[in-house]
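The values are calculated or read from the model by the stated rules, or taken from the named source; none is laboratory data. Here the structure is a predicted model, which is why all the values come from computation and not from measurement. Quick reminder, even Gly has a Cβ in these numbers, built from the backbone with ideal geometry, and neighbours come from all protein chains shown.
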Amino acid sequence: MKFLPTQLQDAYLIEHEFIEDDRGFFARTFCQKEFAQKGLNPNLVQCNLSYNRKKGTLRGMHYQLQPAAEAKCVRCIKGAVYDVIIDLRPSSATFKKWQSFLLNEENRHILYVPEGFAHGFQTLVDHAELFYQMSMFFVPDLARGIRWNDPFFAISWPIPSPILSQKDQTYPDFIPPGL
């Protein structure tokens, strides 16, 4: 696996190293030892699948509070998504910054999202699926979100009128610490 640093501190785009022959290929998608050597959270306790029927579906921007803050490995296994992360860690050099990534079934990239980040995505095609590996169990009472179109972040979503859940529509705007 190749761990490519992103513009956001502690977040990585992971590319596979393929071993190919006439049958196809083999590639490792996770190695606890390699994750630990890079200083990434190697403890994965839960896997999730997100299926999205329609192009333009937007899910986000989600995170969990401590002590259930979670690291995520996110991969698009079918279709294509515009994936976005926001660094919400006040002690980070990239606090309040966001970055987007194209995840699709062709590039097979994995996005490592550290604890303390908000995460969301918008589908670019019908019938997109994402596979998540999580470092913490989901704790509904600690689940939070930031409104997808919060003017503080001004995220440039590719499809301007997204399909949203009621919950994602009603998340509050971000309030920086100290205000």
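Key figures for this structure:
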quantity: Criterion violated by HIS119 - all others in (1) more than 23 Å from HIS16 (Cα to Cα); (2) not in a loop (DSSP other than H, G, I, E, B) satisfied; calculated: (1)
quantity: Considering residues of region 161-176 that are within 19 Å of the chain's Cα centre (by Cα) and not in a loop (DSSP other than H, G, I, E, B) only, the residue surrounded by the most Cβ atoms within 10 Å (Cβ to Cβ); calculated: ASP168
quantity: Subset of region 87-101 that is out of contact with any His (no Cβ under 8 Å at 6 or more places or on another chain) and assigned to a strand (DSSP E or B) - its residue that is surrounded by the fewest Cβ atoms within 10 Å (Cβ to Cβ); calculated: SER100
quantity: Matching residues, region 104-116, being part of a strand (DSSP E or B) and either within 9 Å of the chain's Cα centre (by Cα) or over 22 Å from PRO162 (Cα atoms) (or both); calculated: ILE110, LEU111, TYR112, VAL113
quantity: Residue list for region 123-139, restricted to those being surrounded by 19 or more Cβ atoms within 10 Å (Cβ to Cβ) and over 11 Å from the mean Cα position of the chain (by Cα); calculated: THR123, LEU124, ALA128, SER135, MET136
quantity: Flag for LYS55 being surrounded by 13 or more Cβ atoms within 10 Å (Cβ to Cβ), farther than 25 Å from ASP126 by Cα and modelled with pLDDT of 95 or more; calculated: no
quantity: Region 2-21, residues that are modelled with pLDDT of 95 or more and exposed (fewer than 15 other Cβ atoms within 10 Å of the Cβ); calculated: LYS2, LEU4, PRO5, GLN7
quantity: Within region 14-38, tally of residues that are acidic (Asp, Glu) and farther than 24 Å from ASP83 by Cβ; calculated: 3
quantity: Residues of region 71-86 satisfying the condition of being out of contact with any Lys or Arg (no Cβ under 8 Å at 6 or more places or on another chain) and either at pLDDT below 95 or crowded, with 22+ Cβ neighbours inside 10 Å (or both); calculated: ALA71, LYS72, CYS73, VAL74, CYS76, VAL81, ASP83, VAL84, ILE85
quantity: Residue ranges of strands (runs of 3 or more DSSP E) in region 1-64 with at least 1 members on the phi < 0 side of the Ramachandran plot and in contact with a Pro (Cβ under 9 Å, 6 or more places away or on another chain); calculated: 12-15, 58-64
quantity: Flag for ALA68 being in contact with a Leu (Cβ under 6 Å, 6 or more places away or on another chain), in a loop (DSSP other than H, G, I, E, B) and either at pLDDT below 95 or under 30 Å from ARG147 (Cβ atoms) (or both); calculated: yes
quantity: Of the criteria (1) crowded, with 16+ Cβ neighbours inside 10 Å; (2) touching a residue at least 12 places away in the same chain (Cβ under 8 Å), which one GLN46 fails; calculated: (1)
quantity: Residue in region 29-51 that is modelled with pLDDT of 95 or more and of a type in the set (Ser, Thr, Tyr) present; calculated: yes
